[in-house]
1. Could you line up 533, 59 from fewest to most neighbouring Cβ atoms inside 10 Å?
2. Given the DSSP H assignment, sum -39500 (n - 2.57) over each helix run of at least 4 residues in the chain and divide by its residue total; what's the result at 222 nm in deg cm²/dmol, nearest 500?
3. List the equivalent ellipsoid semi-axes of the range 246-340 in whole Å, largest first, each obtained as the square root of 5λ for an eigenvalue λ of the Cα gyration tensor.
4. Defining a contact as two alpha carbons under 8 Å apart and six or more residues distant in sequence, what relative contact order in percent does the range 235-283 show?
5. Using Cβ counts within 10 Å as a stand-in for footprinting exposure, how do 430, 218 rank, fewest first?
6. Cα centroids of the range 402-461 and the range 334-400: how far apart, whole angstrom?
7. Can you give the relative contact order of the chain as a percent, counting alpha carbon pairs under 8 Å and 6+ residues apart?
8. Quick check: Cα centre of the range 213-243 to Cα centre of the range 36-106, how many Å?
């Protein structure tokens, strides 16, 4: 047999010809908007999704809304773009599902390491398009094969994702699924017996936070009754609600886990990802599942979810069949290798989710490189400045910040004991009463206007001296319903710190921290001016 040696230039030409015969992947910009539900679709006029986020970087936006979603950074977009190019080259010799499986396994390993968990820990990771998808998948996997209807206990849906309660109950929560199937929101994903979901209020009718002991008592009563009825229980402990709360307390969750061993599973909704590696490890070591997303505190692009499953819990769940209805939401490769029940799912490559996680990992990597002392220093200074500004602004009122106590789960106070979400209510001047609260529609309008250059909108009464504020574009966390004030249904906006802010603040020996705080102060000044425009 004769061997022909080709010159490098000829080999390169052949390789280019092979690539030309492979169907081109969509652009990075387009892929970042695929593989999710209707919330990720871009509005034809504004070019942003439901959360006001574009798939392209926007350096002119002051990003303070990481409790909702974030616009992708230039660094995150570059990371996603590099991965997209690798996928395109690999497509010349490999199938899409083989490429997807290889890359997702790589991301799976790195995510675990970035969470401070060793490679040999036995932690399994299931990926999905969003935190809501993860809740749907986890509840269905947890409840399948049960002879009696399982019970899920969670906090008030106002404090978590809008579709989470429906997802946990086994209902479609959008008009199409993550893998592109058209569905009817609110309908059951399967005709099998559904999971029952009950919720515990975190606030009273006036929006005042309830005592932790009262919240724990409600969780305990519901779990005790379900156990007495012979039902299996999935308890959702939220660590980082929309307003930054932990509920129930970790002490309560540990008590119930011991009391109803063999009948209860505990899943930590840490979708905000506002927890340190030491906290992630502590939850997993206690056999708690942990849900994370790369689009909140991490500031990756919207729609990337992951479920971390500790070994003992994984052994239990592997005995449960995966309902075929999950084919619309989950691909075989989204599950770890060795999960036999996942063989029932289709081999579909969700490259959009893959790129979004790649962008998120670039943000986590940068954040992990910042010394913890610097993280704590910035978060402390940022929180103090925001709280002082809110307290001294006549038309803005801060909600009391929760105490982030995870004892006895962990005795170590890392940076995650510092609140990073700062919720507040808005008021308008009122000649009769001094001030009156903005209603939910008015608060939503302020939230939307904050993202817009208003320098030409003279009817809002900003005045010439406030031209700079009027032109400022900033994102805060979306309004959260917070009961009633003076008979008016109100919502809170949120100023949020994020990984990206911390990384930027640490640049140039920390000198950029002042700029981060100045931007937050300016955003609150614009908020107050907009609230004033509703004056009676």
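1. Ordered from fewest to most neighbouring Cβ atoms within 10 Å, 533, 59 come out as 59, 533.
2. Using -39500 (n - 2.57) per qualifying helix, the result is -11500 deg cm²/dmol.
3. Equivalent-ellipsoid dimensions as semi-axes: 23, 21, 11 Å.
4. Across the range 235-283, relative contact order equals 45 percent.
5. Ordered from fewest to most neighbouring Cβ atoms within 10 Å, 430, 218 come out as 430, 218.
6. With the range 402-461 and the range 334-400 each reduced to a Cα centre, they are spaced 19 Å.
7. 19
8. About 36 Å separates the Cα centre of the range 213-243 from the one of the range 36-106.
Where a number appears in this text, it was derived from the coordinates with a stated rule and is not lab data. Keep in mind that this is a model prediction, so the values were computed, not measured. Virtual Cβ from ideal backbone geometry, glycine too; neighbours counted across all protein chains shown.
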